[in-house]
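The values are calculated or read from the model by the stated rules, or taken from the named source; none is laboratory data. A quick note: this is a predicted structure, and the numbers were derived from the prediction, not measured. In this analysis, Cβ positions are derived from the backbone assuming ideal geometry, glycine residues included, and neighbour counts consider all displayed protein chains. Just the protein is used for accessible areas: all its heavy atoms, side chains included, with ligands, DNA and RNA removed. Shrake-Rupley method; radii C 1.70, N 1.55, O 1.52, S 1.80 Å.
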Amino acid sequence: MTFQEQIQQGIPLVLPQPKPYETDINHAPKRKEILSAEEKKLAVRNALRYFDAKHHEVLAREFRDELETYGRIYMYRLRPDYRMYARPISEYPGKSEQAKAIMLMIQNNLDYAVAQHPHELITYGGNGAVFQNWAQYLLTMKYLSEMTDEQTLVMYSGHPMGLFPSHKEAPRVVVTNGMVIPNYSKPDDWEKFNALGVSQYGQMTAGSYMYIGPQGIVHGTTITVLNGFRKIKKSPGGHLFVTSGLGGMSGAQPKAGNIAGCVTVCAEVNPKITHIRHSQGWINEIIENIDELVPRVKKALENKEVVSIAYLGNVVDVWERFDQENLHIDLGSDQTSLHNPWAGGYYPTGYTFDESNELMANDPEKFKAEVQKTLRRHAAAINKHTAKGTYFFDYGNAFLLEASRAGADVMAENGIDFKYPSYVQDIMGPMCFDYGFGPFRWVCTSGKPEDLQKTDEIASKILEEMSKTAPVEIQQQMQDNIQWIKGAQENKLVVGSQARILYADAEGRIRIAEAFNQAIAKGEIGYVVLGRDHHDVSGTDSPYRETSNIYDGSRFTADMAIHNVIGDSFRGATWVSIHNGGGVGWGEVINGGFGMVLDGSKEASRRLKSMLFWDVNNGISRRSWARNDGAIFAIKRAMEVQPLLKVTLPNKVDESLLDF
């Protein structure tokens, strides 16, 4: 069968032969035992819903064995034989160009070069899934190949509920992930519902089909590191950034350190992912011996090298040894997946990687105790460095949250706040998000590198034009992104699809998107998919990350994210998504995303202007109401540009009146 015929087939009528478990693939760890005997039967019964009854006898045993062996039913037998990658849009079957673009984005999320655990349909973060099983993938692709522009596909935590009649202006796909009742939104609830096959953790851009490989976080990390050094009034050259994690998102850290121009040490316990990142060029060197790491770092600092070093081992050893050696760390952070601490997101000291995975599966309570002991050591070592002048920030991965739950010394004197800021509180919030700057991204559906280069040139030209008249308040962000986009080709950031990211405000996003649409209309480039990370101005309500610099008491509310996705859906988005848990853990955040296909039409031009304006200014409005000065400046400027925009502004209070 051809690729197109396989897509159109969906779930095959004749079962394919079982596939061997490929040990050279980076697999998800075994999930812990969470289901009772009766619940295991329910999980198998749920999985069999996808198949004709004549297959149930064979599959029931197979699915039971998968559940016992891996803690989940992935349906490995149904994994397609064709190569998984983002093909040019013309190679997908279908009646809707928008649907074809979505198929392209789904396959990009599962590309072996992009996905963290591709056979388990997990893109990044240890549990950020596109689908729960391969039957869902096959059925979704079949539906998309049949869809017209008068239908909408409803996605229910990875499950394609079905195609429903709608209209051309409606989203082609509506996605939800993990949207459970609040009282059932704890980590063990996710484990249980996911094992049952009724819910999944979509992370941010995994379950939204908008992940573009590590490039997205490379850019955000580069901006963070640059602004972090500005905050401590140091240039990156000859100074040290220490962090950990080389997985789907965190793997971008060493590359970002190189672009920023510092010495980076990034620890990782997983040998396979460490060597993958090295082979991809995201890391310059790998060192496995702490005794070799110390002199190598000293030499790099002395020579002011721009170098990234992966330490294959636990980051706690790095913090403790550098303290003993009086090796000064200028910037420190952590980007392990502590939203997922008990299922592979963070590993304890004193155990090898394989020993940890075995402990995780067979004695989860002891594993949890060892992780919490390690977190206490981790925090204690960081405290020693910060006492010597290190600037440490939480990278929004729930490090401080989980460390506090473990009893680590990370709380401020008031017993409420953490002693270290979130990077959003100190850096990204006041410098970027309040002014409307966030991760605007696009994918060239032709798959042609020359199309990406053309879009880079278009974006660069527009940013340079805008910078000539931009207010002083946003000049630094403009210049950082001009520098970024000009160096994008040189830094070889493409992994998977021909994609790009930069930080832009509403005006920048609209002007760049409109220029793309005009270039498509002229036949200069093929269709373009617009999107963004959920880690943005208005898509996400996350009290310990995206909205951590909201101080009016509303940072635990999620109205903004819900408003965002509803507003995007009727202003022209091609697909919309709303998730529970992306980035910092189930029950800790609500986040929404979108995708928009530009086809060169007047309708696309109208939709992009309406949707992108709302998508950014919804968040600026909320931030301005929280009395954030940058956001008040930005929303006033937006109202001057668009007379139909009328936003309620806060009145400042004389603090002396509250002295009672």
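Report the Stokes-Einstein translational diffusion coefficient (µm² s⁻¹, integer) for region 6-119, Rh taken as the Kirkwood radius over Cα pairs, at 25 °C with viscosity 0.890 mPa s.
152
Rank by packing, highest mean first: peptides 256-263, 122-129, with packing defined as the count of other Cβ atoms within 10 Å averaged across residues.
Averaged packing, sorted descending, gives the order 122-129, 256-263.
Skip the ligands, DNA and RNA, and give the accessible area per residue of region 194-344 with a 1.4 Å probe, whole Å².
Per-residue accessible area for region 194-344 comes out at 28 Å².
Residue farthest toward the positive end of the dipole of the chain, with Cβ of Lys/Arg at +1 and Asp/Glu at -1: which of Ser96, Asn617, Gly202?
Result: Ser96, furthest along the dipole toward the positive end.
Starting from 0.36 nm per residue, how many nanometres of slack lie between Asp363 and Val641 once their C-alpha separation is accounted for?
Gain on stretching Asp363 to Val641: 94.1 nm.
Rounded to the nearest 500, what is the 222 nm mean residue ellipticity of the chain from helices alone, with -39500 (n - 2.57) per DSSP H run of 4+ residues and division by all residues?
Per the formula, -13000 deg cm²/dmol.
Suppose R0 equals 30 Å; then what is the FRET efficiency for Asp188 and Asp552 from their Cβ-Cβ distance, rounded to the nearest 0.05?
Computed FRET efficiency for Asp188 and Asp552: 0.40.
Please label the shape of region 387-537 as rounded, prolate or oblate, based on the square roots a ≥ b ≥ c of the eigenvalues of the alpha-carbon gyration tensor (a/c under 1.5 means rounded; beyond that, a/b larger than b/c means prolate, else oblate).
Prolate, since a/c reaches 1.5 and a/b exceeds b/c.
According to the square roots a ≥ b ≥ c of the eigenvalues of the Cα gyration tensor, what is the shape class of region 344-452, taking rounded for a/c under 1.5, prolate for a/b larger than b/c otherwise, and oblate for the remainder?
Taking the square roots of the gyration eigenvalues as a ≥ b ≥ c, region 344-452 is oblate.
Using a 1.4 angstrom probe, figure out how much accessible area region 364-491 has per residue, in square angstrom, rounded to the nearest whole.
Ligands and nucleic acids excluded, the result is 40 Å² per residue.
Output the pairs from Lys486/Lys636; Lys168/Lys636; Lys19/Lys100; Lys30/Lys366; Lys419/Lys652; Lys448/Lys492 with a Cα-Cα distance over 22 Å in this structure; if there are none, say none.
Beyond 22 Å between Cα atoms: Lys486/Lys636; Lys168/Lys636; Lys19/Lys100; Lys419/Lys652.
For Lys486 and Arg61 in one chain, what is 0.36 nm times their gap in residues minus the Cα-Cα distance, to one decimal in nm?
Full-extension gain reported as 147.5 nm.
Let me spell out the model: positive unit charges on the Cβ of Lys and Arg, negative unit charges on the Cβ of Asp and Glu, origin at the Cα centre of region 604-660. What dipole size does that give, in debye rounded to 20?
The calculation lands at about 520 debye.
What is the sum of charges around Leu375, taking Lys and Arg as +1, Asp and Glu as -1, for the other residues whose C-beta is under 9 Å from the C-beta of Leu375?
Result for the neighbourhood of Leu375: +3.
At a probe size of 1.4 Å, how large is the accessible area of Lys95, to the nearest 10 Å²?
150
Quick one: Karplus J couplings for region 88-95, per residue in order, coefficients 6.51, -1.76, 1.60, θ = phi - 60°, nearest Hz, x for Gly and Pro?
After applying 6.51 cos²θ - 1.76 cosθ + 1.60, I find x, 4, 5, 8, 8, x, x, 9 Hz.
Could you look at region 245-337 and say what percent of its accessible area is carbon and sulfur, using a 1.4 Å probe and all protein chains?
About 45 percent, which is the carbon plus sulfur part of the accessible surface.
Run the numbers for Arg49 and Ala387: contour at 0.36 nm per residue of separation, minus the present Cα-Cα distance, in nm.
That works out to 115.9 nm of additional length.
From the phi angles alone, apply the Karplus equation (6.51, -1.76, 1.60; θ = phi - 60°) to region 391-404 and give each ³J(HN,Hα) in whole Hz, x where the residue is Gly or Pro.
For region 391-404, the Karplus curve yields 9, 10, 9, 6, 8, x, 9, 6, 4, 5, 4, 6, 4, 5 Hz.
Run through every distinct alpha carbon pair of region 527-627 and return the Kirkwood hydrodynamic radius in angstroms, one decimal place.
Value: 13.7 Å, from the Cα pair sum.
Please calculate the 1.4 Å probe accessible area of Cys444, with all protein chains present, and give it to the nearest 10 Å².
10
Could you give the size of the charge dipole of region 278-403 about its Cα centre, using +1 on the Cβ of each K and R and -1 on the Cβ of each D and E, expressed in debye and rounded to the nearest 20?
It comes to approximately 420 debye.
Would you work out what percent of the accessible area of region 536-660, with all protein chains in place, is carbon or sulfur (probe 1.4 Å)?
Roughly 56 percent of what the probe reaches on region 536-660 is carbon or sulfur.
Which shape class, rounded, prolate or oblate, goes with region 32-87 when its Cα gyration tensor gives a ≥ b ≥ c as root eigenvalues, a/c under 1.5 marks rounded, and past that a/b bigger than b/c marks prolate?
Taking the square roots of the gyration eigenvalues as a ≥ b ≥ c, region 32-87 is oblate.
How large is the dipole of region 196-310 about the Cα centre if only Lys and Arg carry +1 and Asp and Glu carry -1, each at its Cβ, rounded to the nearest 20 debye?
Dipole size: approximately 460 debye.
Expressed as a whole percentage, what fraction of the accessible surface of region 137-236 belongs to carbon and sulfur atoms when a 1.4 Å probe is rolled over the protein heavy atoms?
In region 137-236, the share of accessible area belonging to carbon and sulfur is 62 percent.
Which percent, nearest 5, of DSSP beta bridges in the chain are antiparallel?
The antiparallel fraction comes to roughly 55 percent.
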